[in-house]
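What follows draws every value from the coordinates through simple rules; no lab data is involved. Here the structure is a predicted model, which is why all the values come from computation and not from measurement.
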């Protein structure tokens, strides 16, 4: 590979070195977007989840990521995803038939939900998805690179040798347990200069073991919307705790069992937000609100809360709502999962709770105003320094695009 030159790109409070390949003479003739000082790379971003607008919680992180990539003047972004509002610089490439099917898929809870609970759809939906993706890839072979979210979306990719970046989330790790899946993916990665990018550090070792010989494995954390960092928090006098999750048995974990002795007398309140994706009976001492937009959570709830509770037993990647809560200055009480242990630091930003007794004692400690403020400030500081904004995230991905090009 030819020597790199360096471009200093200031993103918020960070400065990031972005390596750029020197232009080739042919590039300036073939690609009218090519600029000698700052070559513009075109990328096809693929996602099976996308929000209708900023009030929609479903796949909102993909919207934020796409917008941040589109704000860069050295990228041209095409998007294949369910229908929704996009940044004006993004070129949607999903046709009408694909959009209609993807919209229906979103209403049904997404491809991962169908694979777990979809009856006959667990067999028909993946076939339909792969067929649509194959057609989309065929229509967009002139891009410089691919940015594909979720491993299964790599399978129909043409073997054209174009650079490939794959975002890996927690649900992808379950996919790898399917027969032949690792072999199929290894074959695809071997046909492209590839970077496999989990959004949580705990996934690095298993991904390195599975694909390290055919792809770069790089941890790339998602960003956080700036509004969370700017939120002013004023916890109310009567303790109020927040849970934001999809309602499934695995996602709720021990929540109702462990929290009942602490909340049933209503001296303190537990407010639960999220879509009902399984038939769950919510106890009457829980204030259940259904799904809520980030704007509602920030404006009406996070600003008044003592903190966020999550007792999930689900295969989490790195829960975005936890990062947003920390950016907003909320301490976290969480179950012991690799995804939680990477961001909740005992006695600093919150507590990992192994038992109901742990939850009770740590909850009481964080209801002290002094302790709550101290933990909340530490959580916000960590989120700011370790994660940063979506523009910081876009810069991290842009660096990798150019490294593998």
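Just how far, in whole angstrom, is region 72-112 from region 354-397 if you go by their alpha carbon centroids?
Taking the Cα centre of region 72-112 as reference, the centre of region 354-397 is 32 Å away.
Any chance you could check the Cα centroid distance between region 319-353 and region 186-240 for me, in angstrom?
The distance from the Cα centre of region 319-353 to that of region 186-240 comes to 15 Å.
With contacts defined as alpha carbon pairs under 8 Å and 6 or more residues apart, what's the relative contact order of region 226-387 in percent? Could you put the intermediate results ahead of the total?
Working: 290 pairs, mean separation 39.0, N = 162.
24 percent.
For Cα pairs less than 8 Å apart in space and 6+ apart in sequence, what is the mean separation divided by the residue count of region 179-313, i.e. the relative contact order in percent?
On the way: 192 pairs, mean separation 34.9, N = 135.
With pairs under 8 Å counted, the relative contact order is 26 percent.
Please give the helix 96-107 orientation as an angle from the longest Cα principal axis of the chain, in degrees from 0 to 90, rounded to the nearest 10.
Roughly 20 degrees, rounded to the nearest 10.
Please compute the Kirkwood hydrodynamic radius of region 181-322 from all pairs of different C-alpha atoms, in Å with one decimal.
Details: mean 1/r = 0.0563 Å⁻¹.
About 17.8 Å for region 181-322.
Shape verdict for the chain, please, from the Cα gyration tensor: rounded (a/c under 1.5), prolate (a/b greater than b/c) or oblate. The partial results should precede the final answer.
Working: a/c = 2.01, a/b = 1.55, b/c = 1.29.
It comes out prolate by the Cα gyration axes.
Assuming 0.36 nm per residue, please report the length gained on full extension of the stretch residue 99 to residue 214 beyond their Cα-Cα distance. Display every interim value, and only then the final one.
On the way: separation 115, 0.36 × 115 = 41.40 nm, distance 3.29 nm.
The span from residue 99 to residue 214 would gain 38.1 nm if fully extended.
Treating the angle as unsigned and between 0 and 90°, give the value, to the nearest 10°, between the Cα long axis of helix 121-139 and the longest Cα principal axis of the chain.
40
Length gain on complete extension for the stretch residue 187 to residue 284, per 0.36 nm per residue less the alpha carbon to alpha carbon distance? Before the final figure, lay out each step's value.
On the way: separation 97, 0.36 × 97 = 34.92 nm, distance 5.18 nm.
Full extension of this stretch gives 29.7 nm more.
Per DSSP H run of at least 4 residues, take -39500 (n - 2.57); add these up for the chain, divide by its residues and hand me the 222 nm value, nearest 500 deg cm²/dmol. Numbers along the way, then the final one.
Working: 16 runs with 149 residues, N = 405.
When only DSSP H runs of four or more count, the value is -10500 deg cm²/dmol.
Would you please classify the overall shape of region 136-230 from the alpha carbon gyration tensor, given that a ≥ b ≥ c denote the square roots of the eigenvalues, rounded means a/c under 1.5, and beyond that prolate means a/b larger than b/c while oblate covers the rest?
oblate
Could you give the Stokes-Einstein D for region 226-387 in µm² per second, using the C-alpha Kirkwood radius, 37 °C, 0.692 mPa s?
Numbers: Rh = 15.4 Å.
After rounding, the answer is 213 µm²/s.
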